[in-house]
Structure formats: C-alpha cells, structure tokens
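*Asks:* My questions all concern the structure below.
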Amino acid sequence: MEFITGGAFQGKLEYALKKYGPDVSSADAAAASADRLAACKIVYNLQDYIREHQLDGACFLPEFREDAVIICDEVGSGVIPMEKEEREYREAVGRACCALAEKADSVTVVRYGIARRIK
C-alpha cells in the first residue's frame, strides 16, 4: 500500500493519477461505500470518510487492497478547534494516518505539487 498525505489542495490526487494513470480505478471516500473503497486502486478524501465514521477520536477503516493508494489530507496542523467534536475528528484522522503510515510500504508527502517520499 502507498499512503499519500499533505495539506488540502496541494496536488495529492493529481500526483497519484500522474503516477498510476488516469484510467486506474478510484473512489472518493466522502461518497463511496466501504465495498467500493476496498475495490479501488486509489482512494482519496479519506479525511471525509473518517469525519462520518469516527466516534470519540477513533475510526475503523475499511479493508483496502494490498496495492491501494490511500490519500488523506493533513488536518491536525494549525489552530486547535474549540469544539470538542472537531478536536475528536482531528484525533481520529491523526490516529488513522499513523496506522496507515505504519502499514504502508511507502509514504509520500505532497506540498505545492511536489512529492517527497518519507518512507
């Protein structure tokens, strides 16, 4: 599995599509079912899936293909929200990203459209 992260609108999906080709199967985690996410090569907007499926700072992710490319925005940087729910959401995303990074064969950070492999 490859895990790609970075800030919003930094070119993560564009990087993945350029690397794997525009015809590869992909799914927007904000709208796709868990079955669809498990079947696709590229899964993007994982932070939106987590927002809808987290509870008390934890989230159980669907199973992904062994060769999946998982894309998730970094959401924990910046100002800490005052609302408890928003803090729990950021906690859930952070924990999920840590688990994905540990499991992944490679981890890439994309900023300003520039990819840097860190694992």
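The values are calculated or read from the model by the stated rules, or taken from the named source; none is laboratory data. All of these numbers come straight from a predicted model, not from anything done at the bench. Don't worry about glycine lacking a Cβ; one is built from the backbone with ideal geometry, like all the others, and counts go over all protein chains shown. To get the accessible areas, we keep the full protein, side chains included, count just its heavy atoms, and leave off ligands, DNA and RNA. Shrake-Rupley method; radii C 1.70, N 1.55, O 1.52, S 1.80 Å.
*Asks:* Within the stretch 1-32, can you find the residues that are over 23 Å from Val75 (Cβ atoms), open to solvent by 60 Å² or more (accessible area, probe 1.4 Å) and modelled with pLDDT of 95 or more?
*Replies:* Lys18, Lys19, Tyr20
*Asks:* Testing Glu14 on (1) in contact with a Cys (Cβ under 6 Å, 6 or more places away or on another chain); (2) within 16 Å of Arg111 (Cβ to Cβ); (3) not aliphatic (A, V, I, L, M), one condition comes back false. Which one is that?
*Replies:* (1)
*Asks:* Could you grab me the full set of residues in the stretch 33-69 that are buried (at least 20 other Cβ atoms within 10 Å of the Cβ), part of a helix (DSSP H, G or I) and not hydroxyl-bearing (Ser, Thr, Tyr)?
*Replies:* Leu37, Leu46, Gln47, Ile50
*Asks:* Here is a further query. Hey, can you tell me all the residues within the stretch 88-119 that are of a type outside the set (Val, Ile, Thr), assigned to a strand (DSSP E or B) and loosely packed, with under 12 Cβ neighbours inside 10 Å?
*Replies:* Arg116, Arg117
*Asks:* Here is a further query. Failed condition for Ser77, given (1) assigned to a loop (DSSP other than H, G, I, E, B); (2) farther than 20 Å from Asp105 by Cβ; (3) without any contact (Cβ under 8 Å) to a residue 60 or more places away in the chain, with all others met?
*Replies:* (3)
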